[in-house]
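Scroll down for the structure; my scribbles are underneath it.
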Amino acid sequence: MTYKFHPAAEAEFLESVGYYESKVKGLGGVLIQEFETLAERISDSPKAWQIELPPDIRRAVLHRFSISIIYRFKSDFFEVLAVAHNRRRPAYWVNRTHSQ
């Protein structure tokens, strides 16, 4: 199974990578690795994470970073709706759930 970014989520992800890389050289790469590892785990078991917004929007939390992958499972991929900071602007991404 693969994943696809909502356009705004991809921008958030790239912004986060740039931010962490600007703070500590190499930290952006660590974020990418952790994201990819978690995305692979989501691909293996997309229904394993808690439901954030019923009926089908889920949240998977990265361990080293204060970031979550907000996603929805589709038939052959999962859609990353947001790459959201865990304590800032809660639920700002909700309007993205209406796009198909």
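The values are calculated or read from the model by the stated rules, or taken from the named source; none is laboratory data. Source: prediction; values computed, not measured. Note: ideal-geometry Cβ built from the backbone for every residue, glycine included; neighbour counts use all protein chains shown. Protein only, heavy atoms only, side chains kept; ligands, DNA and RNA dropped before computing areas. Shrake-Rupley method; radii C 1.70, N 1.55, O 1.52, S 1.80 Å.
What does the accessible area per residue of the chain come to in Å², with a 1.4 Å probe and no ligands, DNA or RNA counted?
Values: 5960 Å² over 100 residues.
Result: 60 Å² of accessible area for each residue.
Rounded to the nearest 20 debye, the dipole size of segment 1-60 about its Cα centre is 100 debye, using +1 on the Cβ of Lys and Arg and -1 on the Cβ of Asp and Glu. Per-residue 3J(HN,Hα) values for segment 70-79, derived from phi via the Karplus relation 6.51 cos²θ - 1.76 cosθ + 1.60 with θ = phi - 60°, read 9, 8, 9, 7, 10, 4, 10, 7, 10, 9 Hz in sequence order (x marks Gly and Pro). Relative to the longest principal axis of the Cα atoms of the chain, helix 7-23 runs at roughly 20 degrees.
Which whole-number percent is the relative contact order of the chain (Cα, under 8 Å, 6+ apart)? Write down the numbers at each step before the final one.
Values: 137 pairs, mean separation 29.7, N = 100.
It rounds to 30 percent for the chain.
Restricting the trypsin sites (Lys or Arg not before Pro) of segment 19-78 to loop positions (DSSP other than H, G, I, E, B) with no more than 11 neighbouring Cβ atoms within 10 Å leaves 25, 47, 64.
Classify segment 46-100 from the C-alpha gyration tensor, please: rounded if a/c falls under 1.5, else prolate or oblate depending on whether a/b exceeds b/c. Before the final figure, lay out each step's value.
Working: a/c = 1.88, a/b = 1.29, b/c = 1.46.
Here segment 46-100 falls in the oblate category.
Full extension of the segment from residue 19 to residue 56, taken as 0.36 nm per residue of separation minus the current Cα-Cα distance, would add 10.3 nm. Expressed as a whole percent, the accessible area of the chain that falls on carbon and sulfur atoms is 53 (1.4 Å probe).
Let a ≥ b ≥ c be the square roots of the eigenvalues of the Cα gyration tensor of segment 18-57; is it rounded (a/c under 1.5), or, if not, prolate (a/b larger than b/c) or oblate? Write down the numbers at each step before the final one.
On the way: a/c = 5.41, a/b = 2.21, b/c = 2.45.
Oblate, since a/c reaches 1.5 and b/c is not below a/b.
The angle between the Cα long axis of helix 27-44 and the main principal axis of the chain comes to about 20°, on a 0 to 90 degree scale.
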